Amino acid sequence: MAYAGVLQVKWPTYSPEYFFCELGRLCNISGIQGEGLSNNDKVMVLTKCGEGFEEAATFMEGSMSIATYEDGSKFLLPASVQSGTYRVCWCAAENTCRYPRDFTVSLGRVDFGGPVPDFVYRCFEWQSCEIMEMEGTTLEDGDRLMAVPDGTDCRAPTLTPAFGFPRNGVTMP
């Protein structure tokens, strides 16, 4: 018997299995572990791994990961313009990683949700303001809102609350 070499199997061995991303924002998913992972690996958000079509209309920049960090354990997903539940599908850098058929390994489920990003609620000075039915998906008790000046881009990394609201414009949970 002769020595023929070393076989390294490249594969994700652990993933959190569930991720959540806010509508309209770039989203980091992390916690992926495995053998031989690299910053050149990619993920694609699909309805079923290895099949179908890229969900390009649902995302601002296509449904493939924008970047990979920390030796393949963290991926930056594009912002979603519509809520939904998808699979996070992985592709090793040694493959083409261009089409849905290249992304055959499921890292888990991802839900995109939150308040509908372009819905406007108006409150008036010196009058109580109560929002009874928030429009959106995957909203839960304890979520909070912040009152911001009209025209504010809520996707900005930091927000300035509207002047004159109690608790700096942040609702109670």
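The values are calculated or read from the model by the stated rules, or taken from the named source; none is laboratory data. Because the structure is a prediction, the values reported are computed rather than measured. With ideal geometry, Cβ positions are generated from the backbone for all residues, glycine too; neighbour counts draw on all protein chains shown. When the accessible area is computed, the model is the full protein with side chains, heavy atoms only, and any ligands, DNA or RNA have been set aside. Shrake-Rupley method; radii C 1.70, N 1.55, O 1.52, S 1.80 Å.
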Original post:
Quick check: is even one residue across the range 96-107 more than 19 Å from the chain's Cα centre (by Cα) and basic (K, R)?
Top reply: yes
Original post:
How about the range 22-31: which of its residues are part of a loop (DSSP other than H, G, I, E, B) and either free of Cβ contacts under 8 Å to residues at least 40 places away in the same chain or out of contact with any Phe, Trp or Tyr (no Cβ under 7 Å at 6 or more places or on another chain) (or both)?
Top reply: G24, R25, L26, G31
**OP:** Please give the number of the condition L107 fails out of (1) surrounded by 15 or more Cβ atoms within 10 Å (Cβ to Cβ); (2) free of Cβ contacts under 8 Å to residues at least 40 places away in the same chain.
**Re:** (2)
**OP:** Would you check which residues across the range 94-144 are at pLDDT below 85, in contact with a strand residue (DSSP E or B) (Cβ under 9 Å, 6 or more places away or on another chain), assigned to a loop (DSSP other than H, G, I, E, B) and β-branched (V, I, T) and list them?
**Re:** V116, T138
Subject >> In the range 38-50, the residues that are open to solvent by less than 30 Å² (accessible area, probe 1.4 Å) and over 14 Å from A67 (Cβ atoms) >> reply: V45, L46, C49, G50
**OP:** Give the number of residues within the range 1-27 that are open to solvent by less than 90 Å² (accessible area, probe 1.4 Å), in contact with a Leu (Cβ under 9 Å, 6 or more places away or on another chain) and not aromatic (F, W, Y).
**Re:** 6
Subject >> Leading residue by the ranking (nearest to K10 (Cα to Cα)) among those in the range 110-131 that are open to solvent by less than 70 Å² (accessible area, probe 1.4 Å) and over 18 Å from the mean Cα position of the chain (by Cα) >> reply: I131
Original post:
Taking the range 25-67 on its own, how many of its residues are of a type in the set (A, V, I, L, M) and in contact with a Lys or Arg (Cβ under 8 Å, 6 or more places away or on another chain)?
Top reply: 6
Original post:
Residue check, T68 against (1) open to solvent by 40 Å² or more (accessible area, probe 1.4 Å); (2) within 23 Å of P157 (Cβ to Cβ), all met but one. Which one?
Top reply: (1)
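Hey, among the residues in the range 53-75 that are part of a strand (DSSP E or B) and either of a type in the set (G, A, S) or more than 22 Å from I32 (Cα to Cα) (or both), which one's modelled with the lowest pLDDT? Give the derivation first.
If we filter the range 53-75 for residues that are part of a strand (DSSP E or B), which is where we start, we get 59-60, 62, 64, 67-69, 74-75.
So of that shortlist, the ones also either of a type in the set (G, A, S) or more than 22 Å from I32 (Cα to Cα) (or both) come out as 59-60, 62, 67.
Working: F59: 86, M60: 81, G62: 88, A67: 97.
The residue in question is M60.
What number of residues within the range 1-21 are touching a residue at least 60 places away in the same chain (Cβ under 8 Å) and within 18 Å of R109 (Cβ to Cβ)? First the steps, then the outcome.
Taking the range 1-21 and keeping what is touching a residue at least 60 places away in the same chain (Cβ under 8 Å), we get 10-12, 15-21.
Filter again for within 18 Å of R109 (Cβ to Cβ), leaving 12, 15-21.
Here the count works out to 8.
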**OP:** Sort out which residues of the range 28-77 are farther than 19 Å from Y18 by Cβ and among the basic types (K, R), and write them in order of number.
**Re:** K42
